[in-house]
Amino acid sequence: MPLKVENLKISTKDGKITPVKNAFLTVEKGERVALVGESGSGKSLTALSILKLLPENLIAEGNITVDDKNVFKLTGEKLRQFRWKDVSMIFQDPSASLNPLIKVGEQVGEAIKFHHPELSKKEITEKVIELFKIADIPEPHKRINAYPHHLSGGLKQRVCIAMALACNPKYVIADEPTTALDVTVQGKILELLKKISERNNVGILLITHDMGVVAEFAKKIYVMYAGYTVEHGTVEEVFSNPLHPYTEGLLKCSPTLSGKPKRKLPSIPGSIPQPNEKISGCPFHPRCPIKKEICEREFPPAKWKNGRFVLCHLR
Ligand SMILES: Nc1ncnc2c1ncn2[C@@H]1O[C@H](COP(=O)(O)OP(=O)(O)O)[C@@H](O)[C@H]1O
Ligand code: SF4
Ligand SMILES: [Mg+2]
């Protein structure tokens, strides 16, 4: 059974703002899936809701299931176990994820000890070294004794990846894991995640705003705009024949299509609406190059065809 998000809505508890209005996605075991969209479209909140890590002022509705578990019902010890053994997460800034005062090997060791209190100190160290090897950290025997500030950004992210794998999770969510890193390191981190997904049959949900990264990494793609999932399909299908005008805009100056590497999404005229902004009809209509009169009046229908999805009147 996969990791599945359906009809996800995330609002402030006072009901005034709804940053995620209707999102969905599925990640199967061993599958590499990308979640894309401009900054502010609701990608990170969607990811955080899968781990029940939403900020205090927000509340999620809908369905989130991982294998047979209803995530909304998990609490206490079950939730703690779930966060390491079912789904773990890698964040954008590895420095913020690591404690600057503790040796990196110890930090990864803590995660192992937490879940395997029966292991001896020596066994834990061996396991940490094994994880560092999986994360392609050179000289792992030495590196376990390093403090975060001794390591480059790329190596710190590899430590975070090792930590995320500490309890053999079935799924890993990586929220813009390479955005804070040097361009030359980005590709290597993506390669590593790919290798882990293949070797350990881990389903990976990669969040990015970079279509070049999507092309390199994922097999399936979900596009979010203003809190809605607006398009879904295989990367091959969506890149060769995007259905939603927003996806088309994202791909238009895509580096992969023109052959040149690029870091940011091309800019689409206008900007993403604020979560509290009321827009009639299609949320993309103020920026849509092909909108018709109906688009300003009516919310677009959700269309499924041959495993592809699009939220648009005209496609
Ligand atoms: N705790 C919060 N309370 C209210 N709004 C929030 C909160 N956190 C994020 N938002 C808003 O929700 C929207 C989506 O945020 P986010 O999921 O971080 O977007 P993305 O990851 O796609 O850039 C943004 O407009 C952001 O300002
Ligand atoms: S529904 Fe209309 S405005 Fe919205 S994306 Fe489709 S064509 Fe554009
Ligand atoms: Mg984000």
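Residues of the stretch 117-151 being closer than 20 Å to P177 by Cα, open to solvent by 20 Å² or more (accessible area, probe 1.4 Å) and not in a loop (DSSP other than H, G, I, E, B), which ones? The answer is K133, I134, H149, H150. When I112 is tested against the conditions (1) open to solvent by 60 Å² or more (accessible area, probe 1.4 Å); (2) away from ligand 3 (no atom under 16 Å from the Cβ), the lone failure is (1). When L58 is tested against the conditions (1) within 15 Å of the chain's Cα centre (by Cα); (2) among the hydrophobic types (A, V, I, L, M, F, W, C); (3) surrounded by 17 or more Cβ atoms within 10 Å (Cβ to Cβ), the lone failure is (1). Against the definition (more than 24 Å from H232 (Cα to Cα), aliphatic (A, V, I, L, M) and within 15 Å of ligand 1 (Cβ to nearest atom)), how does L58 come out, yes or no? Considered against the rule, which asks whether it is more than 24 Å from H232 (Cα to Cα), aliphatic (A, V, I, L, M) and within 15 Å of ligand 1 (Cβ to nearest atom), L58 comes out as yes. Does E38 satisfy being more than 16 Å from ligand 3 (Cβ to nearest atom), open to solvent by 10 Å² or more (accessible area, probe 1.4 Å) and not aliphatic (A, V, I, L, M)? Considered against the rule, which asks whether it is more than 16 Å from ligand 3 (Cβ to nearest atom), open to solvent by 10 Å² or more (accessible area, probe 1.4 Å) and not aliphatic (A, V, I, L, M), E38 comes out as no.
Is it the case that the stretch 66-81 has a residue that's more than 15 Å from ligand 3 (Cβ to nearest atom), in contact (Cβ under 8 Å) with a residue 60 or more places away in the chain and either among the small types (G, A, S) or within 29 Å of E277 (Cβ to Cβ) (or both)? Checking the stretch 66-81: not a single residue is more than 15 Å from ligand 3 (Cβ to nearest atom), in contact (Cβ under 8 Å) with a residue 60 or more places away in the chain and either among the small types (G, A, S) or within 29 Å of E277 (Cβ to Cβ) (or both). Of the helices (runs of 4 or more DSSP H) entirely within the stretch 1-116, those holding at least 1 residues that are at pLDDT 95 or above and under 28 Å from D182 (Cβ atoms) occupy 43-50, 104-115.
Each residue in the stretch 275-315 was checked for being more than 20 Å from F239 (Cα to Cα), open to solvent by 20 Å² or more (accessible area, probe 1.4 Å) and either assigned to a loop (DSSP other than H, G, I, E, B) or within 6 Å of ligand 2 (Cβ to nearest atom) (or both), and 13 pass.
The values are calculated or read from the model by the stated rules, or taken from the named source; none is laboratory data. Owing to the predicted nature of the structure, the values given are computational and were not obtained by experimental measurement. All Cβ positions, even for glycine, are placed from backbone atoms using ideal geometry, and neighbour counts span all protein chains on display. These area figures cover heavy atoms from the full protein model, side chains too; ligands, DNA and RNA do not enter into them. Shrake-Rupley method; radii C 1.70, N 1.55, O 1.52, S 1.80 Å.
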